[in-house]
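*Asks:* Could you have a look at this structure, given as structure tokens, before my questions?
The values are calculated or read from the model by the stated rules, or taken from the named source; none is laboratory data. Source: prediction; values computed, not measured. Virtual Cβ from ideal backbone geometry, glycine too; neighbours counted across all protein chains shown.
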Amino acid sequence: MAIERTLSIIKPDATNRNLTGKINAKFEEAGLRIIAQKRIKLTMDEAGKFYEVHKERPFYGELCEFMASAPVVVQVLEGESAIAKNREVMGATNPADAAPGTIRKEFANSVGENSVHGSDAPETATVEIAFFFSGLELVG
Ligand code: RTP
Ligand code: MG
């Protein structure tokens, strides 16, 4: 087991409903430390770049519009197996399939407006953290 870092985003549906604190509490209760955090409003261009891997998927346009529709909170979470642990706390992509107690089960509106993003592997975590943060901003 190793200490990892992962990129998390609290999405517009959650910032709109003032859920940042409740979601952060879930991370902290699971032993994840928030070692960097900022609230930003993505442009369509930035959202498009961040989600470039999904470019060919039918929901890409809708996803980018949603991510640029209101502020998001981008953050770096650190902890033991942080990437997998974060995805466990987030729950399944579709809230209808998410386990009880997970963020998406408790807060998500739908498969699209599902409250949080989390990196899915060490390689994507490195790229996604660098997309939003400089090394100086990560205070472990
Ligand atoms: P994320 O990347 O946001 O952490 O979510 P994920 O790994 O659980 O899901 P992924 O397959 O990577 O999809 C990225 C995001 O696209 C939206 N989505 N919409 N309408 C749809 O069928 C659909 N499918 C995915 C969701 O916001 C999902 O989190
Ligand atoms: Mg994903």
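*Asks:* Here is a list: Ala84, Ala92, Ala96. Which entry is more than 14 Å from the chain's Cα centre (by Cα) and either surrounded by fewer than 18 Cβ atoms within 10 Å (Cβ to Cβ) or part of a loop (DSSP other than H, G, I, E, B) (or both)?
*Replies:* Selected residue: Ala96, the only one of Ala84, Ala92, Ala96 that is more than 14 Å from the chain's Cα centre (by Cα) and either surrounded by fewer than 18 Cβ atoms within 10 Å (Cβ to Cβ) or part of a loop (DSSP other than H, G, I, E, B) (or both).
*Asks:* Now for a separate question. Before we move on, is Glu65 in a helix (DSSP H, G or I), away from ligand 1 (no atom under 11 Å from the Cβ), over 15 Å from the mean Cα position of the chain (by Cα) and at pLDDT 95 or above?
*Replies:* yes
*Asks:* Do the conditions hold for Ala25, that is, is it aliphatic (A, V, I, L, M), away from ligand 1 (no atom under 11 Å from the Cβ) and under 18 Å from Thr124 (Cβ atoms)?
*Replies:* So Ala25 does not fit the description; no.
*Asks:* Looking only at segment 70-81, how many residues end up being more than 25 Å from Leu136 (Cβ to Cβ) and either buried (at least 18 other Cβ atoms within 10 Å of the Cβ) or of a type in the set (A, V, I, L, M) (or both)?
*Replies:* Residues flagged as more than 25 Å from Leu136 (Cβ to Cβ) and either buried (at least 18 other Cβ atoms within 10 Å of the Cβ) or of a type in the set (A, V, I, L, M) (or both) within segment 70-81 amount to 1.
*Asks:* Select, from Arg5, Arg33, the only residue that is buried (at least 20 other Cβ atoms within 10 Å of the Cβ), touching a strand residue (DSSP E or B) at 6+ places or on another chain (Cβ under 7 Å), touching a residue at least 40 places away in the same chain (Cβ under 8 Å) and closer than 28 Å to Gly140 by Cβ.
*Replies:* Arg5
*Asks:* Do we find that Ser110 is away from ligand 2 (no atom under 14 Å from the Cβ) and either more than 14 Å from Ile10 (Cα to Cα) or aromatic (Phe, Trp, Tyr) (or both) in this structure?
*Replies:* For Ser110, the condition - away from ligand 2 (no atom under 14 Å from the Cβ) and either more than 14 Å from Ile10 (Cα to Cα) or aromatic (Phe, Trp, Tyr) (or both) - is met.
*Asks:* Does segment 48-60 hold any residues that are part of a helix (DSSP H, G or I), free of Cβ contacts under 8 Å to residues at least 24 places away in the same chain and away from ligand 1 (no atom under 11 Å from the Cβ), and which are they?
*Replies:* Listed by number, the residues that qualify are Gly48, Glu52.
*Asks:* In addition: Output the residues belonging to segment 10-30 that are more than 15 Å from Glu88 (Cα to Cα) and in contact (Cβ under 8 Å) with a residue 40 or more places away in the chain.
*Replies:* Ile10, Lys11, Pro12, Asp13, Ala14, Thr15, Asn16, Arg17, Leu19, Thr20, Lys22 - these are the residues of segment 10-30 that are more than 15 Å from Glu88 (Cα to Cα) and in contact (Cβ under 8 Å) with a residue 40 or more places away in the chain.
*Asks:* Of everything in segment 114-140 that's surrounded by fewer than 19 Cβ atoms within 10 Å (Cβ to Cβ) and either assigned to a loop (DSSP other than H, G, I, E, B) or among the acidic types (Asp, Glu) (or both), which residue is nearest to the chain's Cα centre (by Cα)?
*Replies:* Asp120
*Asks:* Tell me which residues, restricted to segment 81-104, are within 10 Å of ligand 1 (Cβ to nearest atom) and within 12 Å of Asp120 (Cβ to Cβ).
*Replies:* Asn86, Arg87, Met90, Thr93
*Asks:* Phe27 fails exactly one of the following numbered conditions: (1) of a type outside the set (Asp, Glu); (2) in contact with a Phe, Trp or Tyr (Cβ under 8 Å, 6 or more places away or on another chain); (3) crowded, with 18+ Cβ neighbours inside 10 Å; (4) under 23 Å from Ala130 (Cβ atoms). What is the number of that condition?
*Replies:* Checking Phe27 against (1) of a type outside the set (Asp, Glu); (2) in contact with a Phe, Trp or Tyr (Cβ under 8 Å, 6 or more places away or on another chain); (3) crowded, with 18+ Cβ neighbours inside 10 Å; (4) under 23 Å from Ala130 (Cβ atoms), the one that fails is (2).
*Asks:* Does Leu42 satisfy being crowded, with 20+ Cβ neighbours inside 10 Å and assigned to a loop (DSSP other than H, G, I, E, B)?
*Replies:* Taking the combined requirement at face value, the residue satisfies it.
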